[in-house]
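The values are calculated or read from the model by the stated rules, or taken from the named source; none is laboratory data. As the structure is a prediction and not an experimental result, all values here were calculated from the model. Quick reminder, even Gly has a Cβ in these numbers, built from the backbone with ideal geometry, and neighbours come from all protein chains shown. Please note that ligands, DNA and RNA were not included when accessible areas were found on the heavy atoms of the full protein model with its side chains. Shrake-Rupley method; radii C 1.70, N 1.55, O 1.52, S 1.80 Å.
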Amino acid sequence: MTTKDRIYRSPAAIAGGVLLLAITAWLGTDALVQGSGRVPWLALAAMILVIPLVVAFTLRPAVFAGQDRLRVRNPFRVIVLPWSQVAAFRSSYSNEVVAASGTKYQLWAIPVSLRARKKAARRTARAAGSPPGGRRPVGLGLGFPGTGSVADAKDAADGPLRAETDKVMDELRELWEAREKAESAQGEVSVRWAYEVLAPALAGAVLLAILLATG
């Protein structure tokens, strides 16, 4: 039985991308319809350049984790790593997968949120200060020491609290450790450039440069 890939994407990036595309379409269409002289051509060139880049950095990034391999779709490249070729997953200021060759690939679809990490650390600290049984003293909610909530205490019982993207990295590590020695998870790393993004962006940049140079 074939298991579907787990797909990881950034909801915040998708929402931001949709908003940016809407603004670009609105401004660009207005310039195309209402503009005069060279303005419509400049607007068209700018849209051809900007739209692929917005899609590349917001809507496109995704990580597909299957039974046999990890597929990383970054803004300009697609990297496929059989689990046997994964050496480690690392999280610091960005989340990365390290290949057996030592090459690092950033996971654009799983961005690190330092704010979420700090929030999780604060909740862990509050839970650690909760009295046995998770009961809350009179001073709860006023920021006094030892006033962790019942929810914090329950979460702490299951282990240290983690930011969402850190939980995702934990899931990827677990899947890698479970599948790295599987016969079907052997193979070589492949990297493909996203020409479907690069070509239109380059065309837009060239057209825009020509229009500006001849203006």
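What to note about this one:
- For Lys119 and Ser190, the difference between the fully extended length at 0.36 nm per residue and the C-alpha to C-alpha distance is 21.8 nm.
- Spin-label model distance (nm) - Gln67 vs Arg6, 7 Å beyond Cα toward Cβ: 1.6 nm
- In the assembled protein chains, Thr214 presents an accessible area of approximately 100 Å² (probe radius 1.4 Å).
- Stretchable slack from Phe76 to Ser36, in nm (0.36 nm times residue separation minus alpha-carbon distance): 10.9 nm
- Normalised convex hull volume, the range 1-58, alpha-carbon set, Å³ per residue: 86 Å³
- Point-charge dipole on Cβ atoms (K/R +1, D/E -1) for the range 166-208, about Cα centre, debye to 20: 220 debye
- Of the residues Ala12, Ala46, Gln67, the one whose Cα sits farthest toward the positive end of the charge dipole of the range 1-78, with +1 on the Cβ of Lys and Arg and -1 on the Cβ of Asp and Glu, is Gln67.
- Calculated FRET efficiency for the pair Ser94/Ala25, C-beta based, R₀ 25 Å, to 0.05: 0.25
- Dividing the convex hull volume of the alpha carbon atoms of the range 32-111 by its residue count gives 113 Å³ per residue.
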